[in-house]
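Chemist: Just dropping this structure here.
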Amino acid sequence: MPSPRPTERVLARRREIGDQLRAARLHANLTQERLALRAGITLGQYSRIEQGHSSPLLDTLIRIADAIGVPLSHLVREEGPRPTPTGDDARPRP
């Protein structure tokens, strides 16, 4: 069974996370190539993640954060108000 296509919100968050990755990488004075090498992934894979074209595994994001020297939360933090949940998302969580 094929995976469902990501929603616009998911695609937007991928781009935001990519922007946060880029900013952290540049702040650490690392090239994409050097960061990919440190994280143990290919340059192409890292580039697609940074551009928001790829959805990385959590393990990959952890390795990227470690390679940059920042906490994972620094790379995936959300700024501003969160949208109000609707439908199934509005149910209280146990």
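Chemist: For residue 10 and residue 34, compute 0.36 nm times the residue count separating them, minus their Cα-Cα distance, and round to one decimal in nm.
Modeler: 5.9 nm
Chemist: What net charge do the residues around residue 35 carry, taking every other residue with its C-beta under 14 Å from that of residue 35, with Lys and Arg at +1 and Asp and Glu at -1? Write down the numbers at each step before the final one.
Modeler: Working: positive: 22, 25, 34, 38, 48, 63; negative: 33, 50, 66.
The answer is +3.
Chemist: What distance in nm lies between label points placed 7 Å from Cα along the C-beta direction at residue 79 and residue 62?
Modeler: 2.8
Chemist: Rounded to the nearest 0.05, what FRET efficiency is calculated for residue 53 and residue 26 with R0 set to 25 Å and r the Cβ-Cβ distance?
Modeler: Numbers: r = 19 Å, r/R0 = 0.76.
The calculated FRET efficiency here is 0.85.
None of the figures in this text is laboratory data; all of them are computed from the coordinates on show. From a predicted model like this one, the values you see are computed outputs, not experimental measurements. Glycine gets a Cβ as well: all are built from the backbone with ideal geometry, and neighbour counts include every protein chain shown.
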